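The values are calculated or read from the model by the stated rules, or taken from the named source; none is laboratory data. Predicted, not measured: the structure shown is a model, and the values here were computed from it. Please note: Cβ atoms are built from the backbone with ideal geometry, for glycine as well, and neighbour counts cover all protein chains shown.
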Amino acid sequence: MAHSHTDWAIIAKNPRLVELHRRKCLFLFGWWSFSTVYYHLLPIGARGSPEFFSLKIAGDLNLRCLFVLSQFVVCSAIALLYLVWSNSVSDKITNELLEEIRTGELDA
């Protein structure tokens with residue numbers, strides 16, 4: 001069995017990996033920021049405007065309950081967006097980098 005040595009320092013400096021890391025950080029930080037703000041709107045809004053969040057929508061269902069339920073929808077939507085993004089952007093760049101590693105075409 002042939003033993004191949006992988007030079008991780010060269011891989012770490014590869015423009016494809018650097019670009020992948022940059023794009024992933026931008027995507028994740030942006031959606032993390034949005035979800036954090038969205039999550040904190042409930043306690044801030046409920047404390048600052050309790051009459052607004054107590055508005056009855058239907059029966060015992062009020063705006064506060066709908067907002068809590070919407071957080072599950074937002075969380076699922078972000079997960080779906082990440083899945084689509086990773087399949088279309090991240091996986092493509094990763095596969096190109098892996099092909100470069102396999103064929104030994106990495107820039108030194």
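So the values come out like this:
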| read-out | value |
| --- | --- |
| Pair list, Cβ < 7 Å and 6+ apart or interchain, from segment 52-73 residues that are of a type in the set (Ser, Thr, Tyr) to residues that are surrounded by 11 or more Cβ atoms within 10 Å (Cβ to Cβ) and not in a helix (DSSP H, G or I) | Ser54/Asn62 |
| Enumerated helices (runs of 4 or more DSSP H) restricted to segment 1-57, each holding at least 3 residues that are β-branched (Val, Ile, Thr) and at pLDDT 90 or above | 15-48 |
| Extreme residue, surrounded by the most Cβ atoms within 10 Å (Cβ to Cβ), among residues of segment 20-59 that are closer than 30 Å to Ile93 by Cβ and of a type in the set (Gly, Ala, Ser) | Ser35 |
| Leu80 within 29 Å of Ile101 (Cβ to Cβ), in a helix (DSSP H, G or I) and of a type outside the set (Phe, Trp, Tyr) | no |
